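The values are calculated or read from the model by the stated rules, or taken from the named source; none is laboratory data. Keep in mind it's a predicted model, so treat the numbers as computed, not measured. All Cβ positions, even for glycine, are placed from backbone atoms using ideal geometry, and neighbour counts span all protein chains on display. Calculation scope for accessible area: heavy atoms of the full protein, side chains included, ligands and nucleic acids excluded. Shrake-Rupley method; radii C 1.70, N 1.55, O 1.52, S 1.80 Å.
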Amino acid sequence: MKCPYCGHEEDRVLDSRPLEASSIIRRRRECQACHKRFTTYERLEDVPLMVMKSDNRLEPFSREKLREGIARACEKRPINADQIERLISEIEYELQSYVMQTPSRVIGEKVLKKLKNLDHVAYIRFASVYKQFQDVEAFLRELEKLKDEPVTPSRASRPPKVRAKAISHD
């Protein structure tokens with residue numbers, strides 16, 4: 001931080017406190033060279049994640065768009081809204097490792113991986129749009145790959161355990 005009085009770049013923070021109900025931090029500083037005090041306000045810059053489309057266009061990441069695609073693939077399947085939200089949140093969390101932009105291909109691959117573990121029908125529905133199969137043979141090859149893979153559903157998608165009650169006939 002440059003001192004506004006002498007231009008020296010070293011200072012010492014004397015006091016730091018957040019402003020009420022905002023993401024702004026007020027810092028009271030003292031220049032190490034001229035010892036004059038000054039106040040700075042810091043605001044967290046929220047840089048949205050940008051998605052690089054296959055045609056090299058950039059567009060902001062949209063949680064809603066992701067939700068629509070996944071929900072459409074999961075239509076009329078035994079998958080509830082909470083499971084879809086959890087899946088979206090997991091993908092969003094995994095995307096935090098990308099700085100500023102990520103290829104749409106990465107997002108699609110993450111969705112496919114999670115749907116494959118959740119429900120094969122939802123997976124194949126999403127894959128049919130995402131992978132844009134050129135012919136029936138390509139579609140059948142994808143189905144063949146799935147045939148031998150077990151579905152490993154999350155705890156939320158498993159039916160609850162039912163305890164058997166002992167019935168007495170007195």
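State the answer as a single residue: which of 39, 106, 23 lies farthest towards the positive end of the charge dipole of segment 1-132, with beta carbon charges of +1 for Lys and Arg and -1 for Asp and Glu, about the Cα centre.
Most positive-ward Cα: 106.
From the list (1) 248; (2) 167; (3) 123, can you say which value of volume of the Cα convex hull per residue in Å³ was derived from the structure given?
(1)
Given the options 16, 62, 128, state which has the largest fluctuation in a GNM of the chain using a 10 Å cut-off (strictly under) for Cα springs.
Highest fluctuation of the listed residues: 16.
So how tilted is helix 81-94 from the main axis of the chain? Cα-based, degrees 0 to 90, rounded to 10.
50
So, with +1 on the Cβ of K and R and -1 on the Cβ of D and E, and no other charges, what is the size of the charge dipole of the chain about its Cα centre, to the nearest 20 debye?
Details: 34 positive and 28 negative charges, 81 e Å.
The calculated dipole for the chain is roughly 380 debye.
When the accessible area of segment 38-155 is computed with all protein chains present and a 1.4 Å probe, what percentage of it is carbon and sulfur?
On the way: 4230 of 8100 Å².
Result for segment 38-155: 52 percent of the exposed heavy-atom area is carbon or sulfur.
Figure the gain on full extension for residue 35 and residue 81 (residue separation times 0.36 nm, minus the Cα-Cα span) and round it to one decimal in nm. If you can, show how the numbers build up before the last one.
Numbers: separation 46, 0.36 × 46 = 16.56 nm, distance 5.86 nm.
Between residue 35 and residue 81, full extension yields an extra 10.7 nm.
On C-alpha positions alone, give me the angle between the axis of helix 104-118 and the longest principal axis of the chain, in degrees, nearest 10.
The answer is roughly 50 degrees.
Please compute the per residue accessible area over the chain with all protein chains in place, 1.4 Å probe, rounded to a whole number of Å².
Working: 12860 Å² over 170 residues.
Here the per-residue accessible area is 76 Å².
Let me know the charge dipole size of segment 1-95 about its Cα centre in debye, to the nearest 20, where only the beta-carbon of Lys, Arg (+1) and Asp, Glu (-1) is charged. Could the numbers behind the result be given before it?
Working: 19 positive and 19 negative charges, 59 e Å.
Approximately 280 debye in magnitude.
Specify the residue with the greatest mean-square fluctuation among 73, 33, 127, computed from a Gaussian network of the chain linking alpha-carbon atoms under 10 Å apart.
33
If you take every DSSP beta bridge whose two residues both sit in the chain, what share of them, in percent to the nearest 5, is antiparallel? Don't skip to the end; give the middle numbers.
Working: 17 of 20 bridges.
Antiparallel bridges: around 85 percent, rounded to the nearest 5.
Could you tally the net charge around residue 12, taking each other residue with its Cβ under 11 Å from the Cβ of residue 12, Lys/Arg +1 and Asp/Glu -1?
Numbers: positive: 27, 28, 29, 37; negative: 10, 11, 15, 30.
Net local charge, residue 12 excluded: 0.
Among 30, 75, 144, which one shows the highest mean-square fluctuation when the chain is modelled as a Gaussian network with alpha-carbon springs under 10 Å?
Evaluated over the chain, the most mobile residue of the options is 30.
In the neighborhood of residue 28, defined by Cβ-to-Cβ distances under 11 Å, what is the net charge if each Lys or Arg adds +1 and each Asp or Glu adds -1?
Details: positive: 12, 17, 26, 27, 29, 37; negative: 11, 15, 30.
Taking every other residue near residue 28 into account, the sum is +3.
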